[in-house]
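Here the structure comes first, spelled out in C-alpha cells, and everything after it is commentary.
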Amino acid sequence: GAEALISHLISQELAIPTAHSPATDEDMSSFEEKIHPKACAEEIGHTFLSCVLANLHKAPQIITSKNDSRAIKALWAEDIDSFVGPASAMGGPGVLSLSGQNDSMIIGVKENKTVM
C-alpha cells in the first residue's frame with residue numbers, strides 16, 4: 001500500500017531504515033474473547049506496529065559504501081548470479097537494479113501467485 005511506498009522512498013532518499021505496518025479497520029465492538037496481555041497492543045491498534053517496532057533491530061541495515069565496516073557481511077548486486085521470484089513481483093527496485101547487471105539471470109514464475 002501507500003505506507004510501503006513512502007517507507008521505501010524515505011529509506012532510498014535518506015539512507016535510513018524505515019518501517020511500516022498495515023492498518024485495518026476491524027470492528028472491536030463485538031470482541032468478547034480474553035486477550036493475552038502481551039497481545040493487547042496488537043488487538044487494540046490493528047496496525048501491528050508494536051510487532052514491527054519490537055523486531056526492527058533485526059531488519060537489514062542500509063550500507064551505501066564498501067568502506068563501511070559492516071560491508072564485509074553485506075550482499076551486493078554483483079554477488080547475485082540469478083534471482084527467481086513471482087512474475088508479478090518483478091517491478092521492485094531490487095529486481096530492477098539486478099536487471100542492470102549484465103551477468104544476472106532473472107526468472108519470473110507465472111504460476112507463483114502474489115497479491116501484487
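The values are calculated or read from the model by the stated rules, or taken from the named source; none is laboratory data. From a predicted model like this one, the values you see are computed outputs, not experimental measurements. Positions of Cβ are generated from backbone atoms using ideal geometry, with glycine treated the same way; all protein chains shown enter the neighbour counts. We work out accessible area using only protein heavy atoms, side chains counted, and drop any ligands, DNA or RNA first. Shrake-Rupley method; radii C 1.70, N 1.55, O 1.52, S 1.80 Å.
Observations
- Neighbours of Ser88 by Cβ distance under 14 Å: Lys/Arg scored +1, Asp/Glu scored -1, total +1.
- These residues, Val95, Val109, Val84, go from largest to smallest accessible area, 1.4 Å probe, as Val84, Val109, Val95.
- When each of the peptides 66-79, 49-62 is scored by how many other beta carbons lie within 10 Å of its residues on average, the order from highest to lowest is 49-62, 66-79.
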